[in-house]
Amino acid sequence: MALAQLKMDTTAARLADVEIPQGAAWGNAARADAMARVRQMGLSTKRDEYWKYTDPASLTVADAPAAAVFQSDEAPLFDAVDRVKIVFVDGVFDADASDDLSAEGVEIERLADAMATDIHWAKDIYGVLEKRGQIPVERPLAALNTALATDGVVIRVTGKASKPINFVYLHRDETSDAILHNVVKVEAGASLTLLESGPAAARFSKLLEVDVADGGIFNHVRVQGRDHERRAITHCFARIAAESTFKSFTLTFNGVLTRNECILEIVGDDAVAHVAGACLGDGRDFHHDDTVFVTHDAVNCESRQVFKKVLRNGATGVFQGKILVKEGAQKTDGYQISQSLLLDDDSQFLAKPELEIYADDVACSHGSTSGAIDETALFYLRSRGVPMIEARNLLTLSFIAEALDEIEDTDLADELRDRLEGWLSRHS
Amino acid sequence: MLEIKGLKVKLEEEDKQILKGVDLTIEPGTVHAIMGPNGSGKSTLSYVLSGKDGYEVTDGSAALEGEDLLDMEPEERAAAGLFLAFQYPVEIPGVGNMTFLRTAVNAQRKARGQEELSAGDFLKEVREKAKSLKIDAEMLKRPVNVGFSGGEKKRNEILQMAMLEPKMCILDETDSGLDVDAMKLVSEGVNALRSEGRSFLVITHYQRLLDHIKPDVVHIMADGRIIKSGGPELALEVENNGYADILAEVA
Ligand SMILES: Nc1ncnc2c1ncn2[C@@H]1O[C@H](COP(=O)(O)OP(=O)(O)OP(=O)(O)O)[C@@H](O)[C@H]1O
Ligand SMILES: [Mg+2]
């Protein structure tokens, strides 16, 4: 079958029984616009270049495959953090479980309320950053999210947020198919830390649009939960203005399929954009994909991509990362590293690092490696009395350390390190 | 303390015999030195004793205080009291020197049924011992051996030894790469550890180290065997005349 036909069929099947949620004001138009993009692009298939390493079929079928709910015996994440907790259960906002949607320095509203307000700041971001991010690479699943998102919140950060905001995504229903869309606007000089945690749903489509104005600071720490059968397609589209900072870190445990796309556009001079992630997967039914696209369109900016994957028992990891330096984006400092630690011969890491540079005064580097545990180091540790498993876990943690170092807040980094240690001790 | 009998070792991957029957008995509280030409099998002996992969013992035995070493995992040998200061200490990026030391000390204590050292006690002990070896706090914070100079790595080996307090210490060319002052520091570190219940096997090419760490017995190893043993004067003979005479004598 021709690719175009296959995409049309895939799209038709997905949309057959779909209705665009109707609200009022500008929301309807934004959704209709996005749906037109979906139809025009056609949904992704395994034969698309950008989906070469990850089969999107289970993300595009009409009926989400079920996923057993995992009973974790760990304490919920970020419990000790003084935060604004915003809870979604299988993709539906839960007011009772959530804190008051307020904190100093931020304005928080539910997406539906924002969409129903005639004149609203979110109108200039919702679906707008997503649309910008469709060039040069099409991301139809992101447009589908914009069209169909059933819930979400919009956050305007007007000053230094007094505490982090935590989206908590709970998964209770084996067949849930959740589509969430969140929007964050960091005003000039304002700052926010956004935390996200939890497995969310059997199938989860989540999109985050972040607009960081001049001198703004946005820190993002996310942990994707331990449910083994869950699937997720997430997108983060960010526009990063002059002298601002954007830092995002994602830790992923388990999951039959996770694709995290991060599309960053640096539009103002002297800005900093870091995106990092670590994932731990055990078994053939683990597939994790980080797809990153960083565009430099300003002078003297720094971007970093740091991705580490620990894979065992036939797990698969994918990294597709690109740095695009546009004409005139001089003094760009771009760095990209993707590495996998393969704990056995069955596991695999597929990487496609790319640089595309149209400016002459830039320093960009990228590297990708795949390797086993360093046997010499392992013996050294054991010769000092450290038992085999402990030694291996220590080396595994050290492998991940560079990514974990990207987390700005050391308490958060420590909490994540504890979770990592927990995972490693359960899987050794 | 250590009793090696007729130890024969070949490489696992190739048909290459490296140790061709090593006999060596080290009494508690004594210091033995091994000298010998490059490639004679000195490091191999130390690796086989500490349990490194890649070697196959085809014959013979090695026991630490009567316990069969060759049957144990490397970490069990360490817990039993064996320590090897590596000829080439290993760099471990991402693992802090402190974390490494503490993990090692506590793992050994645990294996021996002792309580783990508290963070405070541990820190105090490391600081003290590091100071006497002129290892500064900055070095302790860095990843294990990463960016350490050759001499710093060797001093770090001795620090580990001092922290772990093993019974049987094997030092593989700990003197190589050390300047004169560092050699003195390291020797003092070793001498401070000398006691009735602790033995040393010092592998070296040079008499100089043995000026500081006085051996009770000196062995000459050649082509996978100990071909001659004697007192400290044997080391002097090597220093002055090389190995030619000794090799000729046994041939
Ligand atoms: N893993 C290995 N693979 C191949 N050859 C090996 C291996 N280990 C040891 N050998 C060989 O075994 C012999 C003994 O090596 P060993 O390192 O034990 O010598 P040594 O006495 O310590 O020498 P030096 O004084 O140079 O340190 C050498 O010929 C060496 O090349
Ligand atoms: Mg050697």
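Laid out as a table, the results:
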read-out	value
Breaking point among (1) within 14 Å of chain B (Cβ to nearest Cβ); (2) under 18 Å from A:K322 (Cα atoms); (3) surrounded by fewer than 22 Cβ atoms within 10 Å (Cβ to Cβ), for A:Q339	(3)
Strands (runs of 3 or more DSSP E) (entirely within the stretch A:141-255) containing at least 1 residues that are at pLDDT 95 or above and under 14 Å from the mean Cα position of the chain (by Cα)	A:165-170, A:177-186, A:191-197, A:203-212, A:217-224, A:231-240, A:245-253
Meets criteria (more than 16 Å from ligand 2 (Cβ to nearest atom), hydrophobic (A, V, I, L, M, F, W, C), closer than 29 Å to B:H212 by Cα and touching a strand residue (DSSP E or B) at 6+ places or on another chain (Cβ under 7 Å)) for B:V48	no
Options B:F83, B:F100; residue that is within 14 Å of chain A (Cβ to nearest Cβ), under 19 Å from the mean Cα position of the chain (by Cα), free of Cβ contacts under 8 Å to residues at least 60 places away in the same chain and away from ligand 1 (no atom under 12 Å from the Cβ)	B:F100
Whichever residue in the stretch B:81-90 is among the hydrophobic types (A, V, I, L, M, F, W, C) and within 16 Å of ligand 2 (Cβ to nearest atom) and, among such residues, is surrounded by the most Cβ atoms within 10 Å (Cβ to Cβ)	B:L84
Single unsatisfied condition, A:W121 versus (1) surrounded by 19 or more Cβ atoms within 10 Å (Cβ to Cβ); (2) more than 21 Å from the chain's Cα centre (by Cα); (3) of a type in the set (F, W, Y)	(1)
Residue selected from the stretch B:37-62 under the condition more than 7 Å from ligand 1 (Cβ to nearest atom) and at positive phi, by the criterion farthest from the chain's Cα centre (by Cα)	B:G60
Matching residues, the stretch B:181-196, being closer than 23 Å to B:L24 by Cβ and in a helix (DSSP H, G or I)	B:S187, B:V190, B:N191, B:L193
Qualifying residues in the stretch B:64-80 (those that are small (G, A, S) and crowded, with 17+ Cβ neighbours inside 10 Å) - the one farthest from the other protein chains (Cβ to nearest Cβ)	B:A80
Filtered residues of the stretch B:124-168 (kept if assigned to a loop (DSSP other than H, G, I, E, B) and away from every other protein chain (no Cβ under 12 Å))	B:L133, B:K134, B:I135, B:D136, B:R142, B:G147, B:F148, B:S149, B:K167
The stretch A:1-55, subset aromatic (F, W, Y) and buried (at least 19 other Cβ atoms within 10 Å of the Cβ), residue farthest from A:Y126 (Cα to Cα)	A:Y53
Residues located in the stretch B:17-45, provided they are among the basic types (K, R) and more than 16 Å from ligand 2 (Cβ to nearest atom)	B:K20
Qualifying residues in the stretch B:202-228 (those that are more than 15 Å from ligand 1 (Cβ to nearest atom) and surrounded by fewer than 17 Cβ atoms within 10 Å (Cβ to Cβ)) - the one farthest from the other protein chains (Cβ to nearest Cβ)	B:D211
Every pair of residues 6+ apart whose Cβ atoms lie under 9 Å, when the first sits in the stretch B:14-37 and is closer than 17 Å to B:P166 by Cβ while the second is within 16 Å of ligand 1 (Cβ to nearest atom) and of a type in the set (V, I, T)	B:I26/B:I4; B:V31/B:V202; B:H32/B:V202; B:H32/B:V218
Any chance B:G113 is on the phi > 0 side of the Ramachandran plot and without any contact (Cβ under 8 Å) to a residue 40 or more places away in the chain	yes
Hey, B:D53 away from ligand 2 (no atom under 16 Å from the Cβ) and more than 13 Å from chain A (Cβ to nearest Cβ) or not	no
Residue in the stretch B:197-207 that is in a helix (DSSP H, G or I), out of contact with any Gly (no Cβ under 9 Å at 6 or more places or on another chain), at pLDDT 90 or above and polar (S, T, N, Q) present	no
Residue satisfying condition, being in a loop (DSSP other than H, G, I, E, B), within 16 Å of ligand 2 (Cβ to nearest atom) and either surrounded by 14 or more Cβ atoms within 10 Å (Cβ to Cβ) or aromatic (F, W, Y) (or both), within set B:L178, B:L171	B:L178
Answer from B:I26, B:I18, B:I4, B:I34 - the residue that is more than 16 Å from ligand 1 (Cβ to nearest atom), under 30 Å from B:Q207 (Cβ atoms) and more than 13 Å from chain A (Cβ to nearest Cβ)	B:I26
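The values are calculated or read from the model by the stated rules, or taken from the named source; none is laboratory data. A quick note: this is a predicted structure, and the numbers were derived from the prediction, not measured. Virtual Cβ from ideal backbone geometry, glycine too; neighbours counted across all protein chains shown.
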